[in-house]
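The values are calculated or read from the model by the stated rules, or taken from the named source; none is laboratory data. Quick caveat, the model's predicted, so the values are computed rather than measured. Note that each Cβ is placed from the backbone with ideal geometry, even for glycine, and that neighbours are counted across all protein chains shown.
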Amino acid sequence: MRQLILLRHAKSSWDDPAMPDHARPLNARGKRAAVVMAAVMRDLGLAPDAVLVSSARRTLQTLEALSPLLDSPIIEPMDDLYLAPWERMLQTLRGIPETVRSVLLIGHNPGMHDLALALAGHEAMERGTAPGTKRLAGGYPTAALAEFAVATPWAELAPGEARLIRFIAPNDLPEMAA
């Protein structure tokens with residue numbers, strides 16, 4: 001069984017409207033949320049073998065907040081993941097070597113939400129049995145994390161071919177209420 005972790009970048013700053021979107025950094029709330037999600041990942045023992053991350057500043061800063069990741073994964077920043085639609089993200093995941101058992105993908109909406117919904121499949125979303133299924137159906141907030149179990153080889157990953165294990169958003173956690 002393979003593991004796929006989808007993490008949307010944390011909240012970014014809009015303080016400088018003239019700044020190019022690709023260069024926008026995290027704001028203070030985003031930095032705090034990323035640190036909280038890093039603790040969640042450690043508590044759950046989520047230790048990816050590989051990290052695929054958009055080359056945008058906010059996604060790279062989200063990754064920095066997760067450090068150090070357990071087991072020192074291979075990290076690959078990718079221009080192709082910047083604002084990628086879900087189909088492009090899925091194609092990227094299909095290229096992962098079969099020796100990789102766990103992948104963390106850090107990217108952007110709406111592609112991240114669409115990918116999560118596609119992987120879980122329509123029937124699974126209607127059944128709503130996995131923790132966080134209803135929350136996932138309602139949106140994919142910044143710094144939210146979806147964990148999937150994947151039974152097929154990466155090269156054969158397709159819509160409906162993953163099982164949602166959990167969906168966690170920072171606002172659901174008491175640490176972010178303070």
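Which of the residues belonging to the stretch 55-114 are closer than 23 Å to VAL36 by Cα and among the basic types (Lys, Arg)? Once the filter is applied, which keeps residues that are closer than 23 Å to VAL36 by Cα and among the basic types (Lys, Arg), the stretch 55-114 yields ARG57, ARG58. Among the residues of the stretch 23-30, is any crowded, with 18+ Cβ neighbours inside 10 Å, over 25 Å from PRO174 (Cα atoms) and in contact with a helix residue (DSSP H, G or I) (Cβ under 8 Å, 6 or more places away or on another chain)? Checked against the condition, which is being crowded, with 18+ Cβ neighbours inside 10 Å, over 25 Å from PRO174 (Cα atoms) and in contact with a helix residue (DSSP H, G or I) (Cβ under 8 Å, 6 or more places away or on another chain), the stretch 23-30 yields at least one hit.
For residues that are of a type outside the set (A, V, I, L, M, F, W, C), over 17 Å from GLY45 (Cα atoms) and at pLDDT 95 or above, tally how many sit in the stretch 132-158. Let's see the steps before the verdict.
Going through the stretch 132-158, the residues of a type outside the set (A, V, I, L, M, F, W, C) turn out to be 132-135, 138-142, 147, 152-153, 156.
Of the ones still in play, those that are also over 17 Å from GLY45 (Cα atoms) are 132-135, 138-142, 152-153, 156.
Going one step further and asking which of them are at pLDDT 95 or above, we end up with 140-142, 152-153, 156.
Counting residues in the stretch 132-158 that are of a type outside the set (A, V, I, L, M, F, W, C), over 17 Å from GLY45 (Cα atoms) and at pLDDT 95 or above gives 6.
Within the stretch 42-59, identify whether any single residue is touching a helix residue (DSSP H, G or I) at 6+ places or on another chain (Cβ under 8 Å), surrounded by fewer than 16 Cβ atoms within 10 Å (Cβ to Cβ) and either more than 19 Å from ALA144 (Cβ to Cβ) or at pLDDT 95 or above (or both), and answer yes or no. Checked the stretch 42-59: at least one residue is touching a helix residue (DSSP H, G or I) at 6+ places or on another chain (Cβ under 8 Å), surrounded by fewer than 16 Cβ atoms within 10 Å (Cβ to Cβ) and either more than 19 Å from ALA144 (Cβ to Cβ) or at pLDDT 95 or above (or both). Across the stretch 62-72, the qualifying residues are those that are surrounded by fewer than 17 Cβ atoms within 10 Å (Cβ to Cβ) and not hydroxyl-bearing (Ser, Thr, Tyr), and the one among them that is modelled with the highest pLDDT is GLU64.
Within the stretch 74-120, restricting attention to residues that are buried (at least 18 other Cβ atoms within 10 Å of the Cβ) and among the small types (Gly, Ala, Ser), the residue that is nearest to ARG24 (Cα to Cα) is GLY107.
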